[in-house]
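Below is one structure; the comments refer to it alone.
The values are calculated or read from the model by the stated rules, or taken from the named source; none is laboratory data. Predicted model, so just to flag it, every value in this text is computed and none were measured. When we count neighbours, we look across all protein chains shown, and the Cβ atoms used for this are built from the backbone with ideal geometry, even at glycine. Side chains included, ligands, DNA and RNA excluded: accessible areas come from the protein's heavy atoms. Shrake-Rupley method; radii C 1.70, N 1.55, O 1.52, S 1.80 Å.
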Amino acid sequence: MYYSTILDNLGNTPLVKMELNNHKQAMNLYAKLEFYNPTGSVKDRAASYVLEKLLNNKEINYDTTIIESTSGNFGIALSSYCKKYGLKFCCVIDAAITDTNENIIRSLGAEVIKITEADSSGGYLLNRIKKVNEILVERPNSYWINQYANPYNAEAYYTGLGNELCEQLNNIDYIFIGVSSGGTITGISRKIKERFPHAKVIAVDIVGSVIFGGKPQKRHIPGMGSSMRPEILAHSQIDDIIIIDEVSCIFGCHELLEKHSIFAGGSSGAVYSAINQYFDSRNTSEVVDVVALFPDRGDRYTSTIYNEQWLRNFVVKEKTSSI
Ligand SMILES: Cc1ncc(COP(=O)(O)O)c(C=O)c1O
């Protein structure tokens, strides 16, 4: 058996049973390692599914320019899968992108438009969206994926990752999922509750993100959270929300590496911390089956979470802002 392209080696990512026995609550903890997808993250699933759907439904053709505003894993995944289908990809990024992600997206051949001027809110989101709308007018055959509102984004996880988890496990009592566009949690929550109606879906977000009504605040860790509430979340089935601060997220990443040999990205550290926090105050007599979704690998965070200098500056900033 062989693939005609490595991008077809999508999904069927490993599930690892982790030891976590620092709580009164007895549990089986399963980590779903989504960074084993071909371009290194959970977003391969959305990129591949959305493009295939659009092509099959003739909503785009092979001359269409795909546009998306993204500074992270979705940009990396779309760059690769657009190339697979011979589509042009224009990626709108902003000045907050890490050098690593920008270099990967550029190396993968995407056209990159970088927004460097902050908008009235102090961030870049509004100017990024403005730029996307200008491109849509300038280029007649262009299509904005708009992951925050595109139902195919959630559908990718309902049919793909959601199904896979239901096949890999005989039971799920809890699943913890980091949120940004809301595609992963919307698709997975719907699928899992069909198969395991008692399962509790816990959304994990980061301080400074406004997804669940929090106050907007500068965020330093890419991948998680958002400056707007995603439209597709309206179709999710979420039981509980945990908001993690950036310090706990960083600690979570380092502990995952030290105790479990899992070198993972920021949202994985946040999910791991959320599980610890959640079960600190809970204890049922039964052993519960818990799933942690780990979206990407630590490599993309070697200039942030796993960088000593960055960590030192981060601690200084944190201390000054709390004085
Ligand atoms: C590292 C990481 N974690 C979590 C998420 C959240 O996934 P979603 O956009 O489906 O909510 C993303 C999305 O880009 C991500 O890159």
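Under 5 Å from the amide H of Asp94 lie the amide H atoms of Ile115, each residue being 5 or more positions distant or on a separate chain, with H modelled from the backbone and absent for Pro and chain starts.
How high is the FRET efficiency from Lys24 to Lys259, r the C-beta distance, R0 25 Å, rounded to 0.05? Write down the numbers at each step before the final one.
Values: r = 19 Å, r/R0 = 0.75.
E between Lys24 and Lys259, to the nearest 0.05, is 0.85.
Cross-link partners of Lys193 among lysines, defined as those whose alpha carbon lies under 20 angstrom from its own and excluding same-chain residues fewer than eight positions apart: Lys32.
Roughly to the nearest percent, how much of the accessible area of the range 280-323 is carbon and sulfur, given a 1.4 Å probe?
Details: 1370 of 2740 Å².
Whole-percent figure for carbon plus sulfur exposure: 50.
Quick one: grab the alpha carbon gyration tensor of the chain, order the square roots of its eigenvalues as a ≥ b ≥ c, and give me rounded if a/c is under 1.5, else prolate or oblate depending on whether a/b is larger than b/c. Oblate, because a/c is 1.5 or more while a/b does not exceed b/c.
Karplus-based coupling profile of the range 15-21, in residue order and whole Hz: 10, 10, 7, 9, 8, 9, 10, with θ = phi - 60° in 6.51 cos²θ - 1.76 cosθ + 1.60 and x standing for Gly or Pro.
Selection among Asn101, Leu51, Tyr124 by position relative to the dipole of the range 43-144 gives Leu51 as farthest towards the positive end (Cβ unit charges, Cα centre). Which of Ile206, Ile6, Ser267 sits farthest toward the positive end of the charge dipole of the chain, with +1 on the Cβ of Lys and Arg and -1 on the Cβ of Asp and Glu? Checking the options against the dipole of the chain, the answer is Ile206. Bridging of Lys215 to lysines at a Cα separation below 19 Å is possible for Lys317, once same-chain residues fewer than 8 apart are set aside. This model, with +1 at the C-beta of Lys and Arg and -1 at the C-beta of Asp and Glu, gives the range 43-144 a dipole about its Cα centre of some 300 debye. Tyr62 contributes about 140 Å² of solvent-accessible surface, heavy atoms of the protein only, 1.4 Å probe. Loop-located trypsin sites (Lys or Arg not before Pro) across the range 241-323 with a Cβ neighbour count of 15 or fewer within 10 Å are Arg282, with loop assigned by DSSP.
Candidate cross-link partners of Lys43 among the aspartates and glutamates, defined by an alpha-carbon separation under 12 Å and a same-chain spacing of 8 or more, comprise Glu34, Asp296.
Shape class for the range 52-158, computed from the alpha carbon gyration tensor (a ≥ b ≥ c): prolate, with a/c not under 1.5 and a/b above b/c.
Placing unit charges on the Cβ atoms only, positive for Lys and Arg and negative for Asp and Glu, gives the chain a dipole magnitude near 260 debye about its Cα centre. Helices assigned as whole DSSP H runs in the chain whose Cα atoms extend at least 15 Å along their own long axis and whose mean Kyte-Doolittle hydropathy is -0.5 or higher are found at 43-56, 73-85, 125-138, 246-260, 266-280. Whole-Hz Karplus values for the range 23-33 come out as 10, 5, 5, 7, 8, 9, 10, 10, 9, 9, 8 Hz, taken residue by residue from phi with 6.51 cos²θ - 1.76 cosθ + 1.60 and θ = phi - 60°; glycine and proline positions read x. Amide H to amide H distances under 5 Å link Ile244 with Asp205, Ile206, Val207, where only residues 5 or more positions off or on other chains count and H is placed in the peptide plane. Only one residue of Val179, Ser226, Ile305 has its Cα farthest out toward the positive end of the dipole of the chain, where Lys and Arg carry +1 and Asp and Glu -1 on Cβ, and that residue is Ser226. Is the shape of the range 166-312 best called rounded, prolate or oblate, per the rule: a/c under 1.5 gives rounded, else a/b larger than b/c gives prolate, else oblate, with a ≥ b ≥ c the square roots of the Cα gyration tensor eigenvalues? Note, shape of the range 166-312 comes out oblate. For the range 1-64, the list of GluC sites (Glu not before Pro) that fall in a loop by DSSP and count at most 12 other C-beta atoms within 10 angstrom reads Glu19, Glu59. Around the amide H of Asn28, modelled in the peptide plane, lie the amide H atoms of Val288, Asp289, Val290, all under 5 Å away and 5 or more residues distant in sequence or on another chain.
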